[in-house]
1. Just to make sure I understand: if all protein chains stay in place, what is the order of Val248, Val177 by accessible area at 1.4 Å, largest first?
2. With a 1.4 Å probe and every protein chain left in place, tell me how much accessible area Arg125 has, in Å² to the nearest 10.
3. For the pairs Lys128/Lys154; Lys43/Lys128; Lys27/Lys230; Lys165/Lys246; Lys43/Lys165, note any where the Cα-Cα span goes beyond 30 Å.
4. Based on the alpha-carbon gyration tensor of region 56-176 and its eigenvalue square roots a ≥ b ≥ c, which shape applies: rounded if a/c is under 1.5, prolate if not and a/b is larger than b/c, or oblate?
5. Using the heavy atoms of the protein chains alone and a 1.4 angstrom probe, what is the accessible area of the chain per residue in square angstrom?
6. With springs only between Cα atoms under 10 Å, which of Glu95, Glu103, Glu67 fluctuates most in a Gaussian network model of the chain?
7. Of the candidates Pro166, Pro54, Pro119, which one comes out as most mobile in a Gaussian network treatment of the chain with C-alpha springs shorter than 10 Å?
8. Largest first, what is the accessible-area ranking of Trp26, Trp5, Trp238 with a 1.4 Å probe?
Amino acid sequence: MGLAWVTGSGAGIGRAVTLELVRRGWKVVVSARTQSDLVELAKEAAKIGGSVFPMPLDVTLRQSVVEVVNRIEDEIGPIELAILNAGTYVRFGVEEFTAEAVERQFDINVMGTANCLAPVLTHMRGRKAGHIAVVSSLTAYRGLPYASAYGASKAALTNMCEALKPELDPFGIDLSVIHPGFVKTPLTDENEFPMPFLMESEEAARRIVDGLERRKFEIIFPRRFAYILKLMRILPYWLYFALTRKLVRS
């Protein structure tokens with residue numbers, strides 16, 4: 001195995017994926033805003049014999065991202081696998097809807113991913129090799145109440161990956177988009193509503209890395225929840241809205 005870079009690795013899915021990669025023999029560079037989280041992750045990885053290199057980073061700072069990617073390439077080695085996982089989720093309804101609230105989620109989820117994707121692609125295109133995985137969400141499939149900003153940002157990521165996939169194939173670069181359902185993380189721990197098919201982060205990480213090893217374009221889980229949402233994509237609007245209105249608080 002070679003060198004992987006995982007963003008948003010301080011907690012949740014990113015942390016679990018990092019440890020799963022380490023167990024499978026990868027060296028991993030980990031990035032997140034909180035350095036102490038990365039240091040603790042490196043200590044945990046060392047206990048299982050892994051090599052983890054902390055590099056704190058705010059993905060919304062474009063030039064900082066470029067500098068970190070170049071530093072990884074120059075000082076540690078070529079990035080063979082980039083898992084662009086950094087993101088945020090803020091649930092709000094129409095009463096709290098503001099342009100600033102939407103912008104914040106797009107800045108992190110969409111532009112933060114694009115800030116990482118661009119310099120990684122530059123290096124991988126030069127080598128004509130590499131694998132990039134973008135963490136989207138099952139909410140990308142169709143708009144859901146109280147997720148107007150989050151769902152839209154994840155739909156943008158999925159659309160971006162669908163557009164880039166055929167363009168990257170001639171360069172020998174694999175691209176994967178990951179559509180998780182509800183995964184137990186510090187973010188979902190704040191949810192006060194039922195989360196169907198809630199999955200532990202360790203199980204989610206295993207499914208992600210299994211899918212990456214098979215070079216799958218779309219990695220989705222849990223499948224039962226995914227199939228329900230995929231079915232909802234083809235429902236006519238009158239029926240779809242009749243269902244989603246039931247999710248709106250009176």
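The values are calculated or read from the model by the stated rules, or taken from the named source; none is laboratory data. It should be emphasised that the depicted structure is a prediction, and the values quoted were computed from it without experimental measurement. For the accessible areas, the whole protein counts, side chains as well, though only heavy atoms, and no ligand, DNA or RNA atoms are used. Shrake-Rupley method; radii C 1.70, N 1.55, O 1.52, S 1.80 Å.
1. Val248, Val177
2. 120
3. Lys43/Lys128; Lys27/Lys230; Lys165/Lys246; Lys43/Lys165
4. Since a/c reaches 1.5 but b/c is at least a/b, the shape of region 56-176 is classed as oblate.
5. 49
6. With Cα springs under 10 Å in the chain, the top fluctuation among Glu95, Glu103, Glu67 is at Glu95.
7. Its mean-square fluctuation being the largest, the pick is Pro166.
8. Trp238, Trp26, Trp5
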